[in-house]
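K.L.:
Would you mind keeping the following structure in view while I ask a few things?
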Amino acid sequence: MSTEELPPRESMEFDVVIVGAGPSGLSAAIRLKQINPDLSVVVVEKGSEVGAHILSGAVIDPVSLDKLVPDWREDADCPLKTQVKDDQFFWMTGSSAIKLPNFMMPPLMDNHHCYIGSLGDVCRWLGPRAESLGVEIYPGFAAVEVLYGENGEVRGIATGDMGVGRDGKPKDSFTRGMELLGKYTLFAEGARGSLTKQLIAKFGLDKDREPSKFGIGLKEVWQIDPAKHKKGLIQHSFG
């Protein structure tokens, strides 16, 4: 079935459409409703639930959270409970680990005011916070297309069609995606979001700008003797 043969999408209109229920998308939604409770705000998230695509364990500076949700420390449901107590830096050689004194480290490496936690859990906690303010969150709906107006302006996004077979043809359960139209559309789908890359190319947003720089991070989960666990300890290694 070609695009011309597909039934038209139904559409919904909002003041603000946000793509991605990560930390930035949810924080933006909460802040918008704090500024103006009458705004209609919707967040679409491709994951089956909020936080499903946020796998990172993180050391989190609470400065932004203090401004967004000042009472987060008193909220029993907030997942950030462990404050950093000790930073250790090691230079790794082939056979040993040399501990470096903390005073040699730049200020940005001082994490003692930060908290250790799961970024996915933080998002799962922010989601209900946003919904309690009236934000609509649609998990399980991926934004697959940017919608443009007559003058080339961004009008919103379309979610993907459902019930499509492996051959690309509609099945009996086929359901057309939705058009979510907004006065403003905020793309918070991550550093390499598919729609964001299209917008950067279309509007030349990277013209005369330094290219984005990315690093590859490898994460491992270690199971250790509980007797060796030190709450609030962070260890960094180089070499």
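The values are calculated or read from the model by the stated rules, or taken from the named source; none is laboratory data. Treat the numbers as computed from the prediction; the structure is a model and nothing was measured. Cβ atoms come from the backbone with ideal geometry, glycine included; neighbour counts cover every protein chain shown. Please note that ligands, DNA and RNA were not included when accessible areas were found on the heavy atoms of the full protein model with its side chains. Shrake-Rupley method; radii C 1.70, N 1.55, O 1.52, S 1.80 Å.
K.L.:
Take the solvent-accessible surface of the protein heavy atoms, probe 1.4 Å, and return the percent of it on the range 138-207 that carbon and sulfur atoms account for.
P.N.:
50 percent
K.L.:
Could you give the size of the charge dipole of the chain about its Cα centre, using +1 on the Cβ of each K and R and -1 on the Cβ of each D and E, expressed in debye and rounded to the nearest 20?
P.N.:
Dipole about the Cα centre, nearest 20: 820 debye.
K.L.:
Which whole number in µm²/s is D for the chain by Stokes-Einstein, with the Kirkwood Rh taken over Cα pairs at 4 °C and 1.567 mPa s?
P.N.:
In µm²/s, the coefficient rounds to 62.
K.L.:
When ranked by the protection proxy of mean other Cβ atoms within 10 Å per residue, highest first, what sequence do the peptides 164-174, 56-66 form?
P.N.:
56-66, 164-174
K.L.:
Provide, as a two-decimal number, the C-alpha radius of gyration of the range 63-104 over 2.2 N^0.38 Å, N being how many residues it has. All intermediate terms of the calculation are to be shown ahead of the outcome.
P.N.:
Values: Rg = 17.2 Å, N = 42, 2.2 N^0.38 = 9.1 Å.
Ratio of Rg to 2.2 N^0.38 Å for the range 63-104: 1.89.
K.L.:
If a/c stays under 1.5 just call it rounded; otherwise compare a/b with b/c (prolate if a/b is bigger, oblate if not). Do that for the range 121-239, with a ≥ b ≥ c from the square roots of the Cα gyration tensor eigenvalues.
P.N.:
Note, shape of the range 121-239 comes out prolate.
K.L.:
Counting only helical runs of four or more DSSP H residues, what would the 222 nm mean residue ellipticity of the chain come to if each run contributes -39,500 (n - 2.57) and the total is spread over all its residues?
P.N.:
Calculated at 222 nm, the ellipticity per residue is -5500 deg cm²/dmol.
K.L.:
Continuing with this model, one more query. Please give every one of the lysines within straight-line cross-link reach of LYS46, meaning a C-alpha to C-alpha distance under 27 Å, and leave out same-chain neighbours fewer than 8 residues apart.
P.N.:
LYS33, LYS169, LYS171, LYS183, LYS197, LYS202, LYS213, LYS219
K.L.:
One-quarter of the Cα convex hull surface for the range 19-103, in nm²? Don't jump to the answer; show the numbers that get you there.
P.N.:
Details: hull surface 37.1 nm².
That works out to 9.3 nm², a quarter of the Cα hull's surface.
K.L.:
Could you check how much of the accessible area of the range 1-49 is carbon and sulfur, as a whole percent, using a 1.4 Å probe?
P.N.:
That fraction is 49 percent.
K.L.:
Turning to a different aspect of this structure: Out of MET178, MET162, MET92, any idea which swings most in a Gaussian network model of the chain, alpha carbons joined below 10 Å?
P.N.:
Residue with maximal mean-square fluctuation among MET178, MET162, MET92: MET92.
K.L.:
Please figure out what share of the DSSP beta bridges in the chain is antiparallel and state it in percent, rounded to the nearest 5. Mind dumping the intermediate values first?
P.N.:
Working: 20 of 43 bridges.
Roughly 45 percent of the beta bridges in the chain run antiparallel, per DSSP.
K.L.:
Once ligands and nucleic acids are excluded and a 1.4 Å probe is used, how much of HIS53 is accessible, expressed in Å² to the nearest 10?
P.N.:
110 Å²
K.L.:
How large is the accessible surface per residue of the range 1-72, computed with a 1.4 Å probe and reported in Å² as a whole number?
P.N.:
Using a 1.4 Å probe on heavy atoms only, each residue of the range 1-72 averages 53 Å².
K.L.:
Moving on to the next point. In the Gaussian network model of the chain, springs joining C-alpha atoms below 10 Å, which of GLY193, GLY51, GLY94 carries the largest mean-square fluctuation?
P.N.:
Its mean-square fluctuation being the largest, the pick is GLY94.
K.L.:
Just to confirm a number: summing +1 for Lys and Arg and -1 for Asp and Glu over residues other than ASP75 whose beta-carbon lies under 11 angstrom from that of ASP75, what do you get?
P.N.:
With Lys, Arg at +1 and Asp, Glu at -1, the net is 0.
K.L.:
Also, I was wondering about something else. Applying 1/(1 + (r/R0)^6) with R0 = 25 Å to the Cβ-Cβ distance of GLU13 and ARG192, what FRET efficiency is obtained, to the nearest 0.05?
P.N.:
Efficiency, from the Cβ-Cβ distance: 0.30.
K.L.:
Among LEU108, LEU181, LEU195, whose mean-square fluctuation peaks in a Gaussian network model of the chain (Cα, cutoff 10 Å)?
P.N.:
LEU108
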